[in-house]
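Note sheet for the following structure.
Since every read-out is calculated from the coordinates, none of them should be taken as a lab result. As the structure is a computational prediction, the values presented were derived from the model and not from experiment. Backbone-built Cβ (ideal geometry, glycine too); neighbour counts: all protein chains shown.
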Amino acid sequence: MVRENLCEVESKIEAACGRSGRERNTVKLIAVSKTKPVSMLREAYDAGCRDFGENKVQELVDKYGQLPEDIRWHMIGHLQRNKVKYIVDKVYLIHSVDSLRLAEEISREALKKGVTVSVLVEVNVSGEESKFGVSASEAVSLVEEIAKLPNIIVKGLMTIAPYVDDPEKNRLYFANLKQIYVDIIQKNIDNVCMEELSMGMTGDYEVAIEEGATYIRVGTGIFGERQYTTV
C-alpha cells in the first residue's frame with residue numbers, strides 16, 4: 001500500500017511542478033510518519049523515501065535508533081525547550097521554531113554537542129488561534145534575532161495552513177508565506193540562508209507546490225489514516 005500511495009503522490013507532485021513551470025527536483029517530499037510503526041517506515045524507505053517527519057521527540061528518537069543512518073529526520077511538531085537536547089544531533093531540520101527562547105535553547109544545546117542545527121521559522125500566516133507560529137508581522141524580526149545566535153542557521157520558513165475542504169482556500173496563505181520569504185531574502189541577513197519553504201500537507205500540497213513549496217509534508221497520503229496508538 002505504501003509503495004502504491006507514494007507512486008500516486010509522486011505523479012501529483014510532477015503534475016503540480018509541470019503546471020507551475022518548476023523542475024521536479026525543486027520539491028522534496030517528507031513522509032510524515034508520526035504514530036506509524038517502524039515497519040511502515042521501512043516500506044517507505046524501501047520505496048525510496050529518505051526524508052521522514054515526526055511530531056514528537058520521543059517517537060523520533062525511538063525510530064532514529066531502529067532505521068538506516070541515511071534517513072534525514074525532520075522535527076515538524078511543536079518543540080518544547082526541555083526536549084531540545086534529545087534531538088539536536090539527530091535531526092536534519094527543525095521546521096517548528098516559533099520563538100527566540102526556543103532558538104536560544106537550540107543554540108545552547110548545539111554548542112554543547114558541537115553541531116550546527118538548521119531550522120525553519122514557523123509562521124502562523126492564517127492567524128488561527130489554535131496554531132503555533134509567529135505572526136506574519138513578527139517573522140522578519142524573529143529571523144533577524146535568531147541569526148545572531150551561534151550554531152544555528154535559518155534555512156527558511158514553515159507554515160501549517162488551515163484544514164479545508166477545498167485546497168484553493170489555502171492558496172493565499174501559501175502565497176503570503178512566499179512573499180515573506182522573498183522579503184527576508186532581499187534583506188541579505190548574515191547567517192540566514194533562505195532556501196526552504198515548508199508548506200502543504202496531504203490535502204493541499206499540490207497548491208503549495210504551485211505557490212513555491214520546496215518541502216511538502218505528506219502523511220495520510222502515504223501511510224493512510226493515522227491510528228493514535230502507542231508505537
Exercise for the section: All but one of (1) closer than 23 Å to Ala213 by Cα; (2) of a type outside the set (Phe, Trp, Tyr); (3) not in a strand (DSSP E or B) hold for Gly53, so report the exception by its number. Expected result: (3)
Exercise for the section: Tell me, please, whether a residue that is surrounded by fewer than 15 Cβ atoms within 10 Å (Cβ to Cβ), of a type in the set (Gly, Ala, Ser) and either free of Cβ contacts under 8 Å to residues at least 60 places away in the same chain or out of contact with any helix residue (DSSP H, G or I) (no Cβ under 7 Å at 6 or more places or on another chain) (or both) can be found in region 110-123. Expected result: yes
Practice task
Mind listing just one residue for me: the one in region 1-50 that is part of a helix (DSSP H, G or I), over 23 Å from Asp70 (Cβ atoms) and in contact (Cβ under 8 Å) with a residue 12 or more places away in the chain and, of those, farthest from the chain's Cα centre (by Cα)?
Solution key: Arg19
Handout entry: Which listed residue is more than 23 Å from Met158 (Cα to Cα) and surrounded by 14 or more Cβ atoms within 10 Å (Cβ to Cβ), from Val2, Val97
Key = Val2
Exercise for the section: Could you tell me whether region 108-122 includes any residue that is part of a loop (DSSP other than H, G, I, E, B) and either closer than 16 Å to Ser33 by Cα or in contact with a Leu (Cβ under 6 Å, 6 or more places away or on another chain) (or both)? Expected result: no
Fill in the blank from the handout: Considering residues that are outside any loop (DSSP other than H, G, I, E, B) and either within 24 Å of Val218 (Cα to Cα) or over 17 Å from the mean Cα position of the chain (by Cα) (or both), the number found within region 134-188 is 36
Practice task
List every residue pair whose Cβ atoms sit under 7 Å apart, with the two residues 6 or more apart in sequence or on different chains, where the first one lies in region 160-180 and is under 17 Å from Asp98 (Cα atoms) and the second, anywhere, is of a type in the set (S, T, N, Q).
Solution key: Ala161/Ser126; Ala161/Asn170; Leu177/Thr159
Handout entry: Qualifying residues in region 80-94 (those that are touching a residue at least 24 places away in the same chain (Cβ under 8 Å) and part of a loop (DSSP other than H, G, I, E, B)) - the one surrounded by the fewest Cβ atoms within 10 Å (Cβ to Cβ)
Key = Asp89
